[in-house]
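For reference, the structure discussed in these notes is given below.
The values are calculated or read from the model by the stated rules, or taken from the named source; none is laboratory data. As the structure is a computational prediction, the values presented were derived from the model and not from experiment. Don't worry about glycine lacking a Cβ; one is built from the backbone with ideal geometry, like all the others, and counts go over all protein chains shown.
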Amino acid sequence: MPQERNEAVLLLPLNSTDHVLGPASATVIVIEYGDFECPYCRTAYPAVKILLKHFQDRVRFVFRHFPVVEIHPHAERAAESAETAGAQGRFWPMHDLLFENQQHLGDEYLRQYALQARLDLQGYDRDMISRIHLSSIREQMNSGKQRGARGTPTFFVNGVIEDVSFGMDTLYKAIEANLQPANMS
């Protein structure tokens with residue numbers, strides 16, 4: 001079983017555009033493909049914070065964009081706003097603001113969140129007008145689709161999709177299982 005996990009990890013390599021929390025030395029990598037306008041992602045958001053606090057240095061968390069624009073008309077712009085914040089080193093504050101204010105994701109609100117996240121507003125406006133981050137958002141979405149993501153949130157634990165449709169307990173158990181020593185799994 002450990003060999004399968006190691007092979008699965010190789011299916012989801014991290015890259016320089018990923019937004020990551022947790023140390024590079026963590027033995028478990030959790031990747032979420034999420035949508036800032038998705039109510040299920042909003043429900044998962046505080047649970048992820050609790051999981052990260054519980055597992056601390058043993059887990060590395062990655063957020064990738066998967067805006068489902070057919071259902072969530074503001075999701076793509078919210079993702080662009082987060083990426084614009086990321087370009088200024090402020091992805092995670094914007095990530096949190098977007099989930100905490102999910103009912104208000106129109107452009108006028110996004111700019112207010114940029115101000116709250118202490119972004120350079122001229123740079124923010126320039127990036128949002130030029131839509132410079134849209135291609136990388138769509139690349140993330142395509143990578144999720146290629147790996148089996150069909151909706152949001154989709155979580156991978158060390159490269160294996162974990163179904164959280166019946167609750168985040170599944171994710172917790174998958175992380176625990178991946179933290180067990182190789183000879184015990």
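Go over the candidates M141, M128 one by one and state the one that is modelled with pLDDT of 95 or more, crowded, with 16+ Cβ neighbours inside 10 Å and within 13 Å of E83 (Cα to Cα).
Of the residues listed, the single one that is modelled with pLDDT of 95 or more, crowded, with 16+ Cβ neighbours inside 10 Å and within 13 Å of E83 (Cα to Cα) is M128.
Residue by residue through the stretch 108-125, note down the ones that are of a type in the set (D, E) and outside any helix (DSSP H, G or I).
D120
Here's the yes/no breakdown for (1) more than 20 Å from I29 (Cα to Cα); (2) out of contact with any strand residue (DSSP E or B) (no Cβ under 8 Å at 6 or more places or on another chain):
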| site | (1), (2) |
| --- | --- |
| M128 | yes, yes |
| R131 | yes, yes |
| M141 | no, no |
| G144 | no, no |
| A149 | no, no |
| T154 | no, no |
| I161 | no, no |
| M168 | no, yes |
| N178 | no, no |
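For the condition out of contact with any strand residue (DSSP E or B) (no Cβ under 9 Å at 6 or more places or on another chain) and outside any loop (DSSP other than H, G, I, E, B), what is the one hit in R77, R64?
R77 is the lone residue from the list that is out of contact with any strand residue (DSSP E or B) (no Cβ under 9 Å at 6 or more places or on another chain) and outside any loop (DSSP other than H, G, I, E, B).
From the list M94, M128, which one is touching a residue at least 12 places away in the same chain (Cβ under 8 Å), more than 27 Å from G22 (Cα to Cα), assigned to a helix (DSSP H, G or I) and touching a helix residue (DSSP H, G or I) at 6+ places or on another chain (Cβ under 7 Å)?
M128
Given the structure, is L105 modelled with pLDDT of 95 or more, touching a Phe, Trp or Tyr at 6+ places or on another chain (Cβ under 7 Å) and either basic (K, R) or part of a loop (DSSP other than H, G, I, E, B) (or both)?
Yes.
Y172 is checked against (1) under 21 Å from H19 (Cβ atoms); (2) assigned to a helix (DSSP H, G or I); (3) of a type outside the set (S, T, N, Q) and fails just one. What number does that condition carry?
(1)
Just to check your reading of the model, which residue among F166, F155 is outside any loop (DSSP other than H, G, I, E, B), within 26 Å of A75 (Cα to Cα) and out of contact with any Phe, Trp or Tyr (no Cβ under 6 Å at 6 or more places or on another chain)?
F155
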